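Quick notes on the structure that follows.
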Amino acid sequence: MDSAYQDDATRALAESLCFVPVVPPSPRRKRPWPLDRARYRGRNEVERLFRRIKAWRRVFTRYDKTNAMFAAFITLALIAEALRLR
C-alpha cells in the first residue's frame, strides 16, 4: 500500500486478505493508526531496490522473450546491485 490508499475501507480490505498495511497515517486524520517504523523502513528498502533494478533498461523494457531469460537477467541485476553496495 502507498499513502494514496490510506482510507479505512482499503485498509480493512488489505487486512481481511491477511496483508499488513505499512503506510504512515496522514497528519490530518482524526484517528491515526500506529506505524511500525521497522517494517516501514524495510518496505522502503525494497521499493528502492525495485527502483534500482528498473534502471537496468533490459529489465525495465523486458526485451527477453522467455520467462527463464527474464528471471536470469533479474538475477544478474540483483547480483550486480549486491556487489555495488559492498
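What follows is calculated from the coordinates using simple rules that are stated; it is not laboratory data. The model shown is predicted, which means the values in this text are computed figures rather than measured ones. No Cβ is skipped: glycine too gets one built from the backbone with ideal geometry, and neighbour counts run over all protein chains shown.
A few comments on the model shown:
- HN-Hα J in Hz across the range 23-38 - Karplus 6.51, -1.76, 1.60, θ = phi - 60°, x for Gly and Pro: 10, x, x, 5, x, 8, 5, 6, 10, x, 9, x, 10, 7, 5, 5
- Stokes-Einstein diffusion coefficient of the chain, Kirkwood radius over Cα pairs, 20 °C, 1.002 mPa s, in µm²/s: 138
- Basic side chains Lys and Arg get +1 at the Cβ, acidic Asp and Glu get -1 at the Cβ, and with that the dipole of the chain about its Cα centre reaches some 380 debye.
- Residue by residue, the range 12-17 carries 3J(HN,Hα) couplings of 5, 5, 4, 5, 5, 8 Hz when phi is fed to the Karplus relation 6.51 cos²θ - 1.76 cosθ + 1.60 (θ = phi - 60°); x denotes Gly or Pro.
- Shown in residue order for the range 59-75 are the 3J(HN,Hα) couplings computed by the Karplus curve 6.51 cos²θ - 1.76 cosθ + 1.60 at θ = phi - 60°: 6, 4, 8, 6, 5, 5, 7, 9, 5, 5, 5, 5, 5, 5, 6, 5, 4 Hz (x for Gly and Pro).
- Highest-fluctuation residue, 51, 62, 28 considered, GNM on the chain with Cα pairs under 10 Å: 28
- Largest GNM mean-square fluctuation across 55, 38, 68, computed for the chain with C-alpha springs under 10 Å, falls on 68.
- For the chain, chymotrypsin sites (Phe, Trp or Tyr not before Pro) meeting the loop criterion (DSSP other than H, G, I, E, B) and having at most 12 other Cβ atoms within 10 Å: 19, 63.
- Simple rule: put +1 on each Lys or Arg Cβ and -1 on each Asp or Glu Cβ in the chain, find the dipole, and look at 34, 18, 73; the Cα lying farthest toward the positive end is 73.
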